[in-house]
Every structure is written in C-alpha cells, then in structure tokens.
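*Asks:* Here's a structure for you.
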Amino acid sequence: MNLTRSKKKDLLYVAVAAFFFLTACVLQTVDDYISDWSVKTTIALLTQYIFFGLLAYWTASVISRISDKSICSGIIVAIALMGGILFVRLLKYHVFYDGTVMRYLWYSYYIPHCLAPAVLLFTLLGMGRKDRKPLAKSWYLLFLPAVLLILLVFTNDLHEQVFSFAKGLKYSNEIYQWEWGYYLILAWIASLYLTVGILLYIKCRISGCRKKAWIPLVLFIACIVLCILREVFDPSFIRMPEAVVFSVVIVFESLIQIGFIPSNVKHKELFYVADVSASIADKDLNVVLSS
C-alpha cells in the first residue's frame, strides 16, 4: 500500500511520540528499584519532562490545526486540566511525603477527571450553531454533577463512600477499597466522553467521516479496558495518571484525524481533487498551487 507524504509524516510523529512515551515508562520502572534520593529525583523529573513535553507538543499541534476558536479553546482547557493530573502526581510522589497531604493530592486527581469531559461536552454543544449565539446560561448546570462528585471525593475521610480504608487513614495510600462513589464517578466520566463522541457523530455532515466512526469508538473502548486492567493488576511500567491522560489524547487525535473535529489540515489534497479550475498565487502573483 502506497502512503502519501502526509501519512508517512503522521506515522513518523506517532512513532517518535510512542518511543518517548515508552522511554518515560521504562524510566518510571527503573525509578522503583533505585534507593539513592538524588538519582530518583533526577529520573522522576526527566520522566515528567517527557510526559509534559508530549502533552505540550500535542497542545501546540491542536492550536495550529483547529481553526474554530471555541472548539480549540475547549480542547486546550481540557488538556490543561489533564496535564494537572500529571502535575499533582509529581507533587504526590516526589515533593510531599506527609500521609494526609498525599491523600488529598490523590483526591485532587478527580478535579480534572470530572471537569475535563464536562468542558469538552459544553464546548461541543456550541459547535456548529447556526445563530452563532452562545449557549444559554442554564447549560452551565452541566458542571453541577462534576462539582458534587468532586465534593464527594474531598469529603471521603468523613464517609468513606468513594474509598474505604480497612486499616484506617494512616495506611490510606497503601490499603484501600473502591466503594459505590468511585464507580459513580467512573460512570459519569465514561458517559460524558461517550456523549461527546455521539454528539460529534451527529454534528458531522460528511458521510466519509461517519464511516470511520468505528475508529475512535474502538480506541475509546480499548483505552477503558486497558485502564481497568492497569488498575486491577497495578503494573509498575505505567501509572494510572498518564494512562488516563494519554488515552484521552489518543481518542481525541483519532477524532481530529477522521474529521469529526474540523481541522485546517490536508487542504492541499482537497484542492487537488476539487472539481473546479483554480489556482492559488502568492503576494507576488506567482502561482503556487493549481487544481
């Protein structure tokens, strides 16, 4: 199968990103077997630089590719929230060592977890509106369940309905069990991301893109399954924060690639196949592209 130059370029970027991601995962595994504090800190910082670098690069690519300012802003806010998960993880394991502080940093993971899908859904509800008017203020109630779930997590020490601690709060970071509140949060997050995908499918007007809807759906299901397996078996190779963050990145990149999220890329190919006779010239009126 012959690949176009743009496809080869995309595959190269994916390969490079995968290499750096796997390198960071290997460094995390090595870090678990090192006792020297200075070496552990160096490896931890290098790992985080790689993760943040990948996230920053993808954010920059989103800014350059997504022409709709409202969609771009919504995705950037969601990415920033997801990046906050990695930052909190850095604080939890390499800055603070007090049990109570570490526990509340753990609870802080659920601020971006609950808010990011709500931000994306709110953004996409306003996508493609013919009247160009902003959404009614009543739509902000969409964030109310997210806030309530966050409060449920942060008051967990009082009721232990999200995480229960069989040996008390002293060992809360090592020994805990999921309760109904945890599954409620998971259901909220998964349902919102699934709603985002359905909404994108409904709003898409291009039949060719709709035929590829199975790609992000399969990736979405695969990422959920992998995150669940990761939580159950708890491998040292990859941690839950980056597993969740980069699962979101993978699924949304697939949505951009298949055209569910409009982007200003591959216009050159569109111009070549357009059934019109036209040319594009530069400022000096030199023809640079002809259909």
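The values are calculated or read from the model by the stated rules, or taken from the named source; none is laboratory data. Keep in mind the model is a prediction, meaning the values are calculated, not measured. Neighbour counts are summed over all protein chains in view; Cβ atoms, including those assigned to glycine, are modelled from backbone coordinates with ideal geometry. These accessible areas exclude ligands, DNA and RNA; they are computed on the full protein's heavy atoms, side chains included. Shrake-Rupley method; radii C 1.70, N 1.55, O 1.52, S 1.80 Å.
*Asks:* At a 1.4 Å probe, what is the % contribution of carbon and sulfur to the accessible area of the chain?
*Replies:* Using a 1.4 Å probe with all protein chains present, the chain comes out at 69 percent carbon and sulfur.
*Asks:* Sequence-distant or interchain residues sharing an amide H contact under 5 Å with Leu135, placed H: which?
*Replies:* none
*Asks:* Quick one: what are the phi-derived ³J(HN,Hα) couplings along the range 189-197, Karplus 6.51/-1.76/1.60 with θ = phi - 60°, whole Hz, x for glycine and proline?
*Replies:* Here the 3J(HN,Hα) series is 5, 5, 5, 5, 5, 5, 5, 4, x Hz.
*Asks:* Within 13 Å, Cβ to Cβ, of Phe163, how many net charges do the neighbouring residues add up to if Lys/Arg are +1 and Asp/Glu are -1?
*Replies:* That sum, taken over residues with Cβ under 13 Å, equals -3.
*Asks:* Within 10 Å, at most 14 other Cβ atoms, and a DSSP state outside H, G, I, E, B define an exposed site. Report the longest part of the chain free of exposed chymotrypsin sites (Phe, Trp or Tyr not before Pro).
*Replies:* Working: sites that count: Tyr33, Phe96, Tyr97, Phe237.
Longest run free of exposed loop sites: 98-236.
*Asks:* Now for a different question. Over the chain, what portion of Cα pair distances is larger than 23 Å, expressed as a whole percent?
*Replies:* Distances greater than 23 Å cover 62 percent of the Cα pairs.
*Asks:* Quick one: among Leu226, Leu90, Leu141, which has the greatest mean-square fluctuation in a GNM of the chain with alpha-carbon springs under 10 angstrom?
*Replies:* Leu141
*Asks:* Across bins of 10 angstrom width beginning at 0, how are the C-alpha pair distances of the range 135-243 distributed, in whole percent?
*Replies:* 11, 30, 33, 18, 7, 1
*Asks:* Under a Cβ-Cβ cut-off of 14 Å, what is the net charge of the residues other than Leu105 that fall near it, where Lys and Arg count +1 and Asp and Glu count -1?
*Replies:* Neighbour charge sum, excluding Leu105 itself: +2.
*Asks:* For Cα pairs less than 8 Å apart in space and 6+ apart in sequence, what is the mean separation divided by the residue count of the chain, i.e. the relative contact order in percent?
*Replies:* So the answer I get is 17 percent.
*Asks:* Could you go through the range 82-97 in sequence order and give the Karplus-derived ³J(HN,Hα) for each residue, using 6.51 cos²θ - 1.76 cosθ + 1.60 with θ = phi - 60°, rounded to whole Hz, and x for Gly and Pro?
*Replies:* Each residue's phi maps through the Karplus curve to give 5, x, x, 4, 5, 5, 5, 4, 4, 5, 5, 9, 10, 10, 9, 10 Hz.
*Asks:* May I ask you to work out the translational diffusion coefficient for the range 10-123 at 25 °C, viscosity 0.890 mPa s, via Stokes-Einstein with Rh from the Kirkwood sum over Cα pairs, reported in whole µm²/s?
*Replies:* Value of D from the Cα-based Kirkwood radius: 156 µm²/s.
*Asks:* Between their Cα atoms, which of Lys9/Lys212; Lys9/Lys283; Lys40/Lys167; Lys40/Lys92; Lys137/Lys212; Lys92/Lys167 are more than 25 Å away from each other? List each step's numbers first, then the result.
*Replies:* Details: Lys9/Lys212 21 Å; Lys9/Lys283 28 Å; Lys40/Lys167 29 Å; Lys40/Lys92 14 Å; Lys137/Lys212 34 Å; Lys92/Lys167 21 Å.
Violating the 25 Å Cα-Cα cut-off are Lys9/Lys283; Lys40/Lys167; Lys137/Lys212.
*Asks:* Per-residue HN-Hα couplings for the range 41-55, Karplus 6.51 cos²θ - 1.76 cosθ + 1.60 at θ = phi - 60°, whole Hz, x for Gly and Pro?
*Replies:* Result, ordered by residue: 5, 4, 5, 4, 5, 4, 4, 5, 4, 5, 4, 5, x, 5, 5 Hz.
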